[in-house]
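Below you'll find the structure I mean.
The values are calculated or read from the model by the stated rules, or taken from the named source; none is laboratory data. On a predicted model such as this, the values are computed, not experimentally measured, just so you know. Glycine also receives a Cβ, built like all others from the backbone with ideal geometry; neighbour counts cover every protein chain displayed. Heavy atoms of the whole protein, side chains included, go into the accessibility calculation; ligands, DNA and RNA do not. Shrake-Rupley method; radii C 1.70, N 1.55, O 1.52, S 1.80 Å.
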Amino acid sequence: MDSILVKGNGALSGVIPIAGAKNACLTLMPATLLSEEPLTLTNAPRLADVRMMTTLLQSLGAEVTSMSQGQVLAMSSHDISNLTADYDIVRKMRASILVLGPLLARFGQAVVSLPGGCAIGARPVDLHLQALEALGARLDLRDGYVHASVPGGRLKGAVIDFPLVSVGATENALMAAVLAKGTTEIRNAAREPEIVDLAHCLQKMGAQIEGEGTSTLTIQGVDRLCGATHPVVTDRIELGTYMLAPAICGGEVELLGGRLDLVAAFAEKLDAAGIQVSETVRGLKVSRGGNRVKAVDVVTAPFPGFPTDLQAQMMALMCTAEGVSVLEERIFENRFMHAPELMRMGARIEVHGGTATVTGVPRLKGAPVMATDLRASISLILAGLAAEGETVVSRVYHLDRGYERVEEKLSAVGAKIERIRGE
Ligand code: EPZ
């Protein structure tokens, strides 16, 4: 297993390009199953999870051709020959559950493995299943799989009222509803930019959707969808992650393709902490002079609130802030696994349930630490960028799921970072 070696190396300066969003790409790719015509995605990120989704779609019989070093994905689901998503793939990537809605919508049946939990929480899919049942699917859960079918062959429009906001369940419901007969209303829908991006792609394919970006989506089902070409929206989590690099180290970095509207709540917190964020022609510029970062409190929430996927990274910034910061994680039940690792570097953190209280120290000290999940791994790298001495982050396979070319992007702005190939 590879490790990443980071050495504190002072202020950063330069430019970091931001890639297409992992969490948009992982829902846009299953959308190919909704049409027999080709769907091509541009600005796709080059990530392990995208390669895993490619493998899954190919196992169903879809053609997925990666071009331009992985930034263009040309897909065709004209010849789907298999309607079963195997456990072996689904267990490695939870987003696999997003093939369920499209398969039911177009073929009226599917067998998809239940994804199981992951490090940050149990992450059930009950809301996905409730939504699909509301649209007329019959679901039989046995031997770890969802055996789904549609009596009469075609889903029927319905009112779906989510008891809590779920990104994935909203995506599955939306992709199922676009081919259902009649009108569907999805209430308490997720408002994330990745949902908006999916809606825009489906509209290009001929879907009739209104309300994307609000809590209520209204869909008029159509009989078939055509092909399209669609650019994957900028990754707001990668953007926020790299905005924290100059915030933690000092200096000035421009994030190419950054959009303030994608990270408004996050940028407000950086501003309160004394970090300068400004819009440029090419994206966003983030800088911090000699002033020490001020501690701020954070509560994670569905979009447009503070993103849970930036909580670990924000904690890394708060470790050396002046004062005490209280971070509340309200989306997942176990998303503070980076805290004990940061404490190995000298951070002062107390975790009680979903609340972490961080008392800032002047500087962290490099240490060997272990990545436990995707966002925790990058949080440890960020902490190492400004720590005294060397930090070695092990188990970085987590990192490669959601960040492309981390060493390259951070080295380009002056960070001392390299990958140590494992056995
Ligand atoms: C998506 O996961 C993202 N993943 C996550 O990003 C992100 O953290 C999350 O949304 C929240 O923004 C992808 O888009 C591939 P949810 P998802 O359904 O859809 C509970 C990353 O680091 N819930 O919005 O699985 C659930 O347990 C990853 O890139 C149910 O109870 O998240 C959680 O507590 C991590 N039943 C809450 O809802 C359900 O059926 C929000 O989950 C579904 C969810």
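For the chain, give the share of DSSP beta bridges that are antiparallel, in percent and rounded to the nearest 5; count only bridges with both residues there.
Here the share of antiparallel DSSP bridges comes out near 70 percent.
Along each of the three principal axes of the Cα atoms of region 106-262, give the extent in whole Å, ordering the values from largest to smallest.
On the principal axes, region 106-262 reaches 62, 36, 27 Å in Cα extent.
A further question on this structure: Over all Cα pairs of the chain, how is the pair count split among 20 Å bins, expressed in % and running from 0 up to the last occupied bin?
Reading the bins upward from 0: 27, 55, 18, 0.
So for region 172-306, taking the charge dipole from beta-carbon charges (+1 Lys/Arg, -1 Asp/Glu), which of Gly258, Ile275, Thr218 sits furthest toward the positive end?
It is Ile275.
Lys204: which lysines have alpha carbons under 23 Å from its alpha carbon, excluding same-chain residues fewer than 8 sequence positions away?
Lys22, Lys156, Lys181
In whole angstrom, note down how far apart the Cα centers of region 319-338 and region 118-188 are.
Comparing the Cα centres of region 319-338 and region 118-188, I get a distance of 32 Å.
Enter the mean projected area of the convex hull around the alpha-carbon atoms of region 200-316, in nm², rounded to one decimal.
On the way: hull surface 34.4 nm².
The directionally averaged projection comes out at 8.6 nm².
Would you calculate the volume per residue, in Å³, of the smallest convex hull containing every Cα atom of region 333-386?
Values: hull volume 3.6 nm³, N = 54.
Per residue, the Cα convex hull of region 333-386 comes to 67 Å³.
Mind computing the radius of gyration and Dmax over the alpha-carbon atoms of region 292-393? Å is fine for both.
For region 292-393, the Cα-based Rg and Dmax read 12.4, 37 Å.
So which aspartates and glutamates pass the test for Lys7, namely a Cα distance under 15 Å, with those fewer than 8 places away in the same chain ruled out?
Hits, sequence-local ones excluded: Glu388, Glu390, Glu407, Glu408, Glu418.
Got a sec? Charge dipole of the chain, +1 on Cβ for Lys and Arg, -1 for Asp and Glu; which of Gly290, Ala122, Leu34 is way out at the positive end?
Toward the positive end, the furthest listed residue is Gly290.
In nm, to one decimal, how far is the modelled label at Val15 from the one at Ser278, with both set 7 Å along Cα→Cβ?
It is 1.7 nm.
Next question. Expressed as a rounded percentage, what relative contact order does the chain have, with Cα pairs under 8 Å and six or more residues apart?
21
Something else about it: Which whole-Hz couplings ³J(HN,Hα) result when phi for each residue of region 408-418 is put into the Karplus expression 6.51 cos²θ - 1.76 cosθ + 1.60, θ = phi - 60°, listed in order with x for Gly and Pro?
Karplus-based 3J(HN,Hα) across region 408-418 equals 5, 5, 7, 4, 5, 10, x, 6, 9, 8, 8 Hz.
With Cβ to Cβ distances under 12 Å as the rule, what net charge do the other residues near Ser13 carry (K, R +1; D, E -1)?
0
Using a ≥ b ≥ c from the Cα gyration tensor of region 15-134 (square roots of the eigenvalues), is it rounded, prolate or oblate, where a/c under 1.5 gives rounded and otherwise the larger of a/b and b/c decides, a/b for prolate? Mind dumping the intermediate values first?
On the way: a/c = 1.88, a/b = 1.20, b/c = 1.57.
Oblate.
Relative contact order for region 25-120: what is it in percent, counting Cα pairs under 8 Å that are at least 6 residues apart?
Answer for region 25-120 is 30 percent.
Quick check for you: with a 1.4 Å probe and neighbouring chains kept, what is the accessible area per residue of the chain, in Å²?
Details: 15880 Å² over 423 residues.
Spelled out: the 1.4 Å probe surface of the chain, per residue, equals 38 Å².
For a paramagnetic label modelled at 7 Å from the Cα of Glu328 toward its Cβ, which residues of region 282-315 fall within the zone defined by backbone nitrogen distances under 12 Å?
Counting backbone N atoms under 12 Å from the label point, the list is 297-301.
Could you pull out every one of the aspartates and glutamates with an alpha carbon less than 17 Å from that of Lys269, ignoring same-chain neighbours closer than 8 positions?
In chain and number order, the partners are Glu238, Asp261, Glu279, Asp297, Asp309, Glu322, Glu328, Glu329.
Let me have the 222 nm mean residue ellipticity of the chain computed from DSSP H runs of 4+ only, each contributing -39500 (n - 2.57), with the sum over all residues rounded to the nearest 500. List each step's numbers first, then the result.
Details: 14 runs with 126 residues, N = 423.
The per-residue figure over the chain is -8500 deg cm²/dmol.
With a/c under 1.5 counting as rounded, go ahead and sort region 48-113 into rounded, prolate or oblate using the C-alpha gyration tensor (a ≥ b ≥ c being the square roots of the eigenvalues; past the cut-off, prolate if a/b is larger than b/c, else oblate).
Taking the square roots of the gyration eigenvalues as a ≥ b ≥ c, region 48-113 is oblate.
Based on the Kirkwood radius over alpha-carbon pairs, what is the Stokes-Einstein translational diffusion coefficient of region 309-357 at 25 °C with 0.890 mPa s viscosity, in µm²/s?
227
Find the relative contact order for region 61-109 and round it to a whole percent, using C-alpha pairs within less than 8 Å whose residues are 6+ positions apart.
Relative contact order, region 61-109: 25 percent.
Could you tell me what % of all Cα pairs in region 228-277 have separations over 11 Å?
70
If you don't mind, another one. In the chain, with Lys and Arg counted as +1 and Asp and Glu as -1 at Cβ, which of these residues, Val167, Pro368, His230, has the Cα nearest the positive end of the dipole, that is, farthest along it?
Pro368
Under 12 Å from the Cβ of Ala207, count the other residues' Cβ atoms, weight Lys and Arg +1, Asp and Glu -1, and hand me the total.
-1
Let me ask you something else. Would you mind classifying region 141-210 by shape? Square roots of the alpha carbon gyration tensor eigenvalues, ordered a ≥ b ≥ c; an a/c under 1.5 is rounded, otherwise it is prolate if a/b is larger than b/c and oblate if not.
On the way: a/c = 1.69, a/b = 1.25, b/c = 1.35.
Taking the square roots of the gyration eigenvalues as a ≥ b ≥ c, region 141-210 is oblate.
Also, quick follow-up: What is the magnitude of the charge dipole of the chain about its Cα centre, with +1 placed on the Cβ of each Lys and Arg, -1 on the Cβ of each Asp and Glu, and no other charges, expressed in debye to the nearest 20?
It comes to approximately 460 debye.
May I ask for the Kirkwood hydrodynamic radius of region 25-73, worked out over all distinct Cα pairs and given in angstroms to one decimal?
Mean inverse Cα-Cα distance, inverted, gives 10.8 Å.
Further question: Provide the three semi-axes, in whole Å and in decreasing order, of the ellipsoid equivalent to region 1-53 as defined by the square roots of 5 times the Cα gyration tensor eigenvalues.
Its equivalent ellipsoid spans semi-axes of 34, 15, 7 Å.
How large, in percent, is the carbon and sulfur part of the accessible surface of region 340-405 at a probe radius of 1.4 Å?
The C+S portion of the solvent-accessible surface of region 340-405 is 54 percent.
Going by Cα centres, region 10-75 and region 356-373 are how many Å apart?
Cα centres, region 10-75 to region 356-373: 33 Å.
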